[in-house]
Amino acid sequence: MATPAQLGLQNATSPIMEELIAFHDHALMIIFLISSLVLYIMSLMLTTKLTHTSTMNAQEIEMIWTILPAIILIMIALPSLRILYMTDEFIKPYLTLKAIGHQWYWSYEYSDYEDLAFDSYIMPTYFLEPGEFRLLEVDNRTTLPMEADIRMLVSSHDVLHSWAVPSLGVKTDAIPGRLNQIMLASMRPGLFYGQCSEICGSNHSFMPIVLEFIYFQDFEVWAS
């Protein structure tokens, strides 16, 4: 989860989020180089009166400042399209979990297990244990197996919501009457926090998401 004074993204716990962080650094480096070049040219224009008249109408210069931005856009677009297709790739999932948004809590249903469903409400501040996070802890954590492909079906019972967990690199809208599908996986055990990322009403900020990833054998014991 995010920490105080953090400047970067949250630590990745899924392959998709690792790819997103790498693409973020890649695009940021391109932006930094372009900004440095523009700043250098502006400083030259402000500090010198020399003018190279031979390059004012040169076709070579025009070709460079036309072709170079196109190459830069391709360098950004190709990795972006690759990650986009990776996020939409659905393989045979280990289990299916359905999340339903309500005003203002989440309901979860494990489709592969009979009668395994529960509601997840925000934990009141006076019930918090030492080490738990205010406005992020819930009464029923969503338990999932690590190193497994999990299919999430997201919908809503009333208004628009958004199911998002930044460290997993997943975010999808919960729309009444419609099922949205995403894939998620965690490469390590632990607790991962998220929140509703849609302005869904007065208590919008009180819809936290807590995923607890555990080992396969422990998950089977929990689910049984």
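The values are calculated or read from the model by the stated rules, or taken from the named source; none is laboratory data. Just so you know, these numbers come straight off a predicted model, no measurement behind them. Positions of Cβ are backbone-derived with ideal geometry, glycine not excepted, and every protein chain shown enters the neighbour counts. These area figures cover heavy atoms from the full protein model, side chains too; ligands, DNA and RNA do not enter into them. Shrake-Rupley method; radii C 1.70, N 1.55, O 1.52, S 1.80 Å.
Filtering region 156-186 to residues that are without any contact (Cβ under 8 Å) to a residue 24 or more places away in the chain and assigned to a strand (DSSP E or B) leaves T172, P176.
Of the residues examined, A117 is not one that is under 22 Å from T3 (Cα atoms) and among the small types (G, A, S). Of all residues in region 36-53, none are open to solvent by less than 80 Å² (accessible area, probe 1.4 Å) and either in contact with an Asp or Glu (Cβ under 9 Å, 6 or more places away or on another chain) or touching a residue at least 24 places away in the same chain (Cβ under 8 Å) (or both).
So that you can scan it fast, the table gives a plain yes or no per residue for (1) more than 29 Å from P15 (Cβ to Cβ); (2) in a strand (DSSP E or B):
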{"residue": "I100", "(1), (2)": "no, yes"}
{"residue": "S107", "(1), (2)": "no, yes"}
{"residue": "Y126", "(1), (2)": "yes, no"}
{"residue": "E147", "(1), (2)": "no, no"}
{"residue": "V154", "(1), (2)": "no, yes"}
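Only one of the listed residues (C196, C200) is in contact (Cβ under 8 Å) with a residue 60 or more places away in the chain, under 13 Å from the mean Cα position of the chain (by Cα) and on the phi < 0 side of the Ramachandran plot. That residue is C196. Tally time: how many residues in region 55-92 are open to solvent by 90 Å² or more (accessible area, probe 1.4 Å), outside any helix (DSSP H, G or I) and under 30 Å from S156 (Cβ atoms)? The total comes to 3. Cβ-Cβ contacts under 8 Å between residues 6 or more apart (or on different chains), taken from a first residue in region 121-133 that is over 14 Å from W104 (Cα atoms) to a second residue that is open to solvent by 100 Å² or more (accessible area, probe 1.4 Å), are listed as T125/R134; L128/R134. From the set of residues in region 91-119 that are of a type in the set (S, T, Y) and out of contact with any Pro (no Cβ under 8 Å at 6 or more places or on another chain), which is nearest to A148 (Cα to Cα)? So, considering only residues that are of a type in the set (S, T, Y) and out of contact with any Pro (no Cβ under 8 Å at 6 or more places or on another chain), the one nearest to A148 (Cα to Cα) is T96. When region 99-126 is filtered for residues that are over 16 Å from F213 (Cβ atoms) and in contact with an Asp or Glu (Cβ under 8 Å, 6 or more places away or on another chain), the ones remaining, listed by number, are I100, G101, H102, Q103, Y105, W106, S107, L116, A117, Y121, I122, M123.
May I ask you to list the residues in region 65-83 that are hydroxyl-bearing (S, T, Y) and over 18 Å from E18 (Cβ atoms)? Of everything in region 65-83, just one residue is hydroxyl-bearing (S, T, Y) and over 18 Å from E18 (Cβ atoms), namely T66. Within the span defined as region 93-105, every residue fails to be modelled with pLDDT of 80 or more, surrounded by fewer than 11 Cβ atoms within 10 Å (Cβ to Cβ) and assigned by the TED database to the domain that holds I199.
Scanning region 110-147 for residues that are among the polar types (S, T, N, Q), modelled with pLDDT of 90 or more and closer than 21 Å to Q217 by Cα yields N140, T142, T143. Summed over region 138-181, residues that are open to solvent by less than 60 Å² (accessible area, probe 1.4 Å), more than 27 Å from S202 (Cβ to Cβ) and within 15 Å of the chain's Cα centre (by Cα) total 3.
Kindly check whether there is at least one residue in region 130-137 that is surrounded by 19 or more Cβ atoms within 10 Å (Cβ to Cβ), under 21 Å from the mean Cα position of the chain (by Cα) and in a strand (DSSP E or B). No, region 130-137 has no match at all. Residue count for region 7-48 under the criterion of being in a helix (DSSP H, G or I) and either in contact with a Phe, Trp or Tyr (Cβ under 7 Å, 6 or more places away or on another chain) or among the polar types (S, T, N, Q) (or both): the result is 4.
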